[in-house]
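The numbers here are math on the coordinates, done by the rules we state, and not lab data. Remember, it's a predicted structure, so these values are computed and weren't measured experimentally. Cβ coordinates were reconstructed from backbone atoms using ideal geometry, including for glycine residues, and neighbour counts include every protein chain displayed.
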Amino acid sequence: MLVFVDANIALFAVPKTGSTAYHLALKSKADIALVGKQALKHMPLRKYDQHFAPFLKGAYGLTPERVAVMRHPVEQIRSWYKYRSRDKVRGANAVPEGMSFDDFVAEVISRNPAPCAKVGSQFTFLTNDAGELRTDHLFAYERPVQLIRFLQNRIGKPFETQKKKRLPPPRRTVEFRDGGRPARCPGRRICPL
């Protein structure tokens, strides 16, 4: 999370929404940068409301507007699947060899997901216990220009994000037909990758 005092905004790092690129581009311009430890960088709004917002208000008289990015849920889960399918990921967080994207989705939405599918929920990240949205400004991951324009206007300084980092391909292969379109997946609603 990044806090900009003069702009009066707190930029939240919702996992798998490009937050690392924004943090790398903006942390030198931020007055407060919670980075490094995942629990700090990816502080959900519930925890912010309970602990950090009262601290900012009490210690500094700040009540920053909350800014976050949300990604299409299927694409966010697909990103987790690719990330946790990398050869680098080991142990319980790794997607088991041979687990399809369909099976991963089924695990993510199950009542008791396998450790590799415990990816959290954007809804839970962005809401309070009553299910109320706690952001003042919510941007779509798929429309980065709007977020960049907003941040540049509020911060008053231009910035550039690095090109999208490319994860190595998952350990699985997918055959494509018809000019790059995924082959049909018999009996499946969602094709892997």
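Which shape class, rounded, prolate or oblate, goes with the stretch 19-104 when its Cα gyration tensor gives a ≥ b ≥ c as root eigenvalues, a/c under 1.5 marks rounded, and past that a/b bigger than b/c marks prolate?
prolate
On full extension, the segment bounded by D6 and I32 gains 8.2 nm, given 0.36 nm per residue less the C-alpha separation.
When only Cα pairs below 8 angstrom with a gap of at least 6 residues are kept, the stretch 84-138 shows a relative contact order of 23 percent. Under a crude label model (7 Å from the Cα following the beta-carbon direction), how far is A25 from N153 in nanometres? With each label point 7 Å from Cα toward Cβ, the separation is 1.6 nm. Please give me the summed charge of the neighbours of L151: other residues whose Cβ is under 11 Å from its Cβ, Lys and Arg +1, Asp and Glu -1. So the surrounding residues net to +4.
When a/c is below 1.5 the answer is rounded, else prolate if a/b is larger than b/c, else oblate, so apply that to the stretch 29-156 with a ≥ b ≥ c taken from the square roots of the Cα gyration tensor eigenvalues. Since a/c reaches 1.5 and a/b is larger than b/c, the shape of the stretch 29-156 is classed as prolate. Near S110, once Lys and Arg are set to +1 and Asp and Glu to -1 for all other residues with Cβ below 13 Å from its Cβ, the sum equals -1.
Suppose a student asked you for the relative contact order of the stretch 19-172, using Cα pairs under 8 Å spaced at least 6 residues apart; what percent would you report?
34
The alpha-carbon of K47 sits under 18 angstrom from the alpha-carbons of these aspartates and glutamates, leaving out residues fewer than 8 places away in its chain: E65, D129, E132, D136.
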